[in-house]
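Structure record follows, encoded as structure tokens.
The values are calculated or read from the model by the stated rules, or taken from the named source; none is laboratory data. No experiment lies behind these values; they were computed from the predicted model shown. Neighbour counts run over all protein chains shown; Cβ positions are idealised from the backbone, glycine included. Each accessible area value is taken on the protein alone, full model and side chains, heavy atoms only, with ligands, DNA and RNA left out. Shrake-Rupley method; radii C 1.70, N 1.55, O 1.52, S 1.80 Å.
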Amino acid sequence: MSKWHLIIDVALCHNCSNCFIACKDEHVGNDYPGYSAAQPLHGHSWFRVEQRERGQAPMVDTAYLPTTCNQCADAPCTQVGDGAVYQRDDGIVIINPQKARGKKEIVESCPYDAIWWNEEQQLPQKWIFDAHLLDRGWKEPRCAQVCPTGAITAIKASDEEMHRRSEDENLEVMSPEFGTSPRIHYRNLHLFIHDFIAGTVVGEISGRQECLEDVAVNLLRGEVPVANTATDVFGEFKIDALSADGTEYTLQLHREGYAPFEMSVVLNGSAYLNELVLKTTT
């Protein structure tokens, strides 16, 4: 059977927070019997946008990551609470607001911290993929409806179709090591969870120091090539999606008429290497 999935493109999210606001608008003060109790005005973020900055001036970027309940195929929350949490045939995970009262262990079961505790009602709560709207004929949840950049897309597909699409479009899930098989998929997730090496290459042209275009840039880990690119018209390059766990890389620069350049870079976070000067061979 087809199941609901979200595809979130990190590169398109501009932190407008429309998804957060739409979730508040839909759920604060509104009870949906059988689906969810009202969300408190304060203290809960069933849909939230996280922020991360990378790099150093003048090469700095900011990525935004919408996060919510992952609607996991193997959801740990469904294994606690004596049947208070269940997964529908369409993949949506529901915390029954009548059966879940007083069961704080449901909150603690989520490795993504996507379940919130309503102290006043003694109730675990989370985003329900707007199941109450989909069951009334809506084509998508409100987070997708209100996203102005198209960063959030809701689709209904079989597990096989979604697996093929994930491979074709290089989609990823958060923390796959948890083994929960999330149904929230991310495009360009590297912008938030990985790091980059960047720099500006300059050299002498007609007696002046100028930015060098089309310099071949190669990055290696040990003897293994990791990535290659070339500098742009401003002499700049950027190699992304790297592990910043103290890994040592070797950066090599090559351009006809200039001596080869090589340096070692130990990456502990995105690094801008400043101006790298190539010397002429004549």
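Quick notes
- Loop-located trypsin sites (Lys or Arg not before Pro) in segment 124-157 (DSSP state not H, G, I, E or B) with no more than 12 neighbouring Cβ atoms inside 10 Å: Arg136, Lys139.
- Segment 172-204 versus segment 1-74: alpha-carbon centroid distance in Å: 18
- Per-residue [θ]222 nm for the chain (sum of -39500 (n - 2.57) over DSSP H runs n ≥ 4, rounded to 500): -3000 deg cm²/dmol
- Basic side chains Lys and Arg get +1 at the Cβ, acidic Asp and Glu get -1 at the Cβ, and with that the dipole of the chain about its Cα centre reaches some 820 debye.
- The chain: Lys pairs at Cα distance under 29 angstrom, eight or more positions apart or on different chains: 22
- Helix 18-27 vs. the chain, principal-axis angle (Cα, 0 to 90°, nearest 10): 10
- Taking Ile21, Ile106 and ordering them by how much accessible surface each has at a 1.4 Å probe, largest first, produces Ile21, Ile106.
- Looking at segment 62-185, the accessible area is 47 square angstrom per residue; that uses a 1.4 Å probe and ignores ligands, DNA and RNA.
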